[in-house]
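**Student:** My questions will all concern the structure given below.
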Amino acid sequence: MSDNILETFVEAIHQRHGYRVVALDMSDVPLTMEAFILATAENRIQARAIAEHIEETAKEIGFRKHHIEGYDEGSWILIDYVDLVVHIFLPKTREYYNLEMLWSDVPSIEYNDTEEPPDDSSRAED
């Protein structure tokens, strides 16, 4: 997966204030995708806004969505582009599933957030 494509998706996430963005290189794992992108949203409304913006951005660069899961519930939205899978989590859901630990043996890139995430005391799950 080219760095330019990853950066395009990361920028789309940051434009909707997603944070803790990490790309996992899945190309050497016997799965069908080349990369995961993980991001955190503060609430379900923001998670959906990030997902919608990713879909718009992907369409502009010629990526066709295979499917999306979790949009209605909103605590973990998965957007599958076959070679790239984007995961948008609420903070507690990301902590619980901890995909970074599950896939800790694959190369990863942590992207700098464009702004500071809210402190834990102000987090809202809905």
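**Student:** Can you give the extra length, in nm with one decimal, that the chain gains between Ile109 and Val82 once fully stretched, where that is 0.36 nm per residue apart less the Cα-Cα distance?
**Tutor:** Once the chain is fully extended between Ile109 and Val82, it gains 7.7 nm.
**Student:** I need Ile109, Ile54 ordered by Cβ neighbour count within 10 Å, fewest first.
**Tutor:** So the ranking, lowest neighbour count to highest, is Ile109, Ile54.
**Student:** May I ask what percent, to the nearest 5, of DSSP beta bridges between residues of the chain are antiparallel?
**Tutor:** Counting only bridges with both partners in the chain, antiparallel ones make up about 75 percent.
**Student:** By how many degrees, 0 to 90 and rounded to 10, does the Cα axis of helix 3-15 deviate from the longest principal axis of the chain?
**Tutor:** So the inclination is approximately 20 degrees.
**Student:** Would you mind checking the tilt of helix 44-60 against the longest principal axis of the Cα atoms of the chain, expressed as 0 to 90 degrees and rounded to 10?
**Tutor:** For 44-60 against the chain, the angle is about 30 degrees.
**Student:** Which of rounded, prolate, oblate describes the stretch 3-112, given a ≥ b ≥ c as roots of the alpha-carbon gyration tensor eigenvalues and a/c under 1.5 marking rounded, otherwise prolate only if a/b is larger than b/c?
**Tutor:** Taking the square roots of the gyration eigenvalues as a ≥ b ≥ c, the stretch 3-112 is rounded.
No value in this document is a laboratory result; all are computed from the given coordinates. Only a predicted model underlies this, so the values are computations on that prediction, with no experimental measurement involved. With ideal geometry, Cβ positions are generated from the backbone for all residues, glycine too; neighbour counts draw on all protein chains shown.
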